[in-house]
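Taking it in order: structure first as structure tokens, then the write-up.
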Amino acid sequence: MIGREHYFLNELRDMDIKEIISGFIKQYYLESENLPNKIMCEEEIEDEEALEQLLAEKAGRKVEIKSPKKGEKLRFVEMAKNNARVTLENKQEDKFEILSELKTKLNLEKFPNKIETFDISNISGTNIVARNVCA
């Protein structure tokens with residue numbers, strides 16, 4: 001493992017874990033310039049061979065997708081899963097702290113469940129552009 005990136009995926013409750021892993025590998029690694037030799041997954045995916053072939057063609061070398069069941073490689077997968085869980089918990093704690101502070105500063109009776117902001121920009125009074133962001 002040489003790096004770490006976090007992706008928070010929404011609206012996946014009704015999807016099978018194998019679908020989620022396969023979809024993420026396709027979306028992330030088919031767009032990536034730096035493909036690893038091995039991709040370790042918690043679960044086996046249905047289209048593993050086809051995906052390995054696609055990634056190998058892109059990389060110009062063999063790329064393996066593995067779901068280890070024992071040994072050191074399984075410990076790496078478990079470590080990554082634990083790190084992801086801790087990162088998600090930290091994100092939720094941060095969100096709670098931010099909402100608590102916002103509730104206090106704005107004298108709200110309860111936590112806000114929707115926040116909207118607008119940004120309006122222009123160049124010397126022309127070419128006006130506006131954007132709404134909602135969370």
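Points to keep in mind about this one:
- As a summary of the residue check, residue 78 satisfies the conditions (1) open to solvent by less than 90 Å² (accessible area, probe 1.4 Å); (2) within 19 Å of residue 6 (Cα to Cα); (3) of a type outside the set (S, T, N, Q) except for the one numbered (1).
- Which listed residue, of 38, 62, is of a type outside the set (Phe, Trp, Tyr), open to solvent by 50 Å² or more (accessible area, probe 1.4 Å), at pLDDT 90 or above and touching a strand residue (DSSP E or B) at 6+ places or on another chain (Cβ under 6 Å): 38
- Sub-9 Å Cβ pairs linking a first residue in segment 36-65 that is among the small types (Gly, Ala, Ser) to a second residue that is part of a helix (DSSP H, G or I) and exposed (fewer than 15 other Cβ atoms within 10 Å of the Cβ), at least 6 apart or interchain, number zero.
- Within segment 94-135, tally of residues that are open to solvent by 100 Å² or more (accessible area, probe 1.4 Å) and closer than 30 Å to residue 41 by Cβ: 1
- Looking only at segment 2-25, residues that are surrounded by 13 or more Cβ atoms within 10 Å (Cβ to Cβ) and in contact with an Asp or Glu (Cβ under 8 Å, 6 or more places away or on another chain) come to 3 in all.
- Helices (runs of 4 or more DSSP H) contained in segment 1-116 and holding at least 1 residues under 30 Å from residue 134 (Cβ atoms): 17-29, 71-105
- Checked against (1) closer than 18 Å to residue 21 by Cβ; (2) in contact (Cβ under 8 Å) with a residue 24 or more places away in the chain, residue 79 passes all but a single condition, namely (2).
- Hey, residue 28 open to solvent by 100 Å² or more (accessible area, probe 1.4 Å) and of a type in the set (Ser, Thr, Tyr) or not: no
- Meets criteria (of a type outside the set (A, V, I, L, M, F, W, C), over 25 Å from residue 24 (Cα atoms), over 26 Å from the mean Cα position of the chain (by Cα) and at pLDDT below 90) for residue 122: yes
The values are calculated or read from the model by the stated rules, or taken from the named source; none is laboratory data. Small disclaimer: the values here were computed from a predicted structure and weren't measured. Because the Cβ atoms are built from the backbone with ideal geometry, glycine has one as well, and the counts that use them run over all protein chains shown. Just the protein is used for accessible areas: all its heavy atoms, side chains included, with ligands, DNA and RNA removed. Shrake-Rupley method; radii C 1.70, N 1.55, O 1.52, S 1.80 Å.
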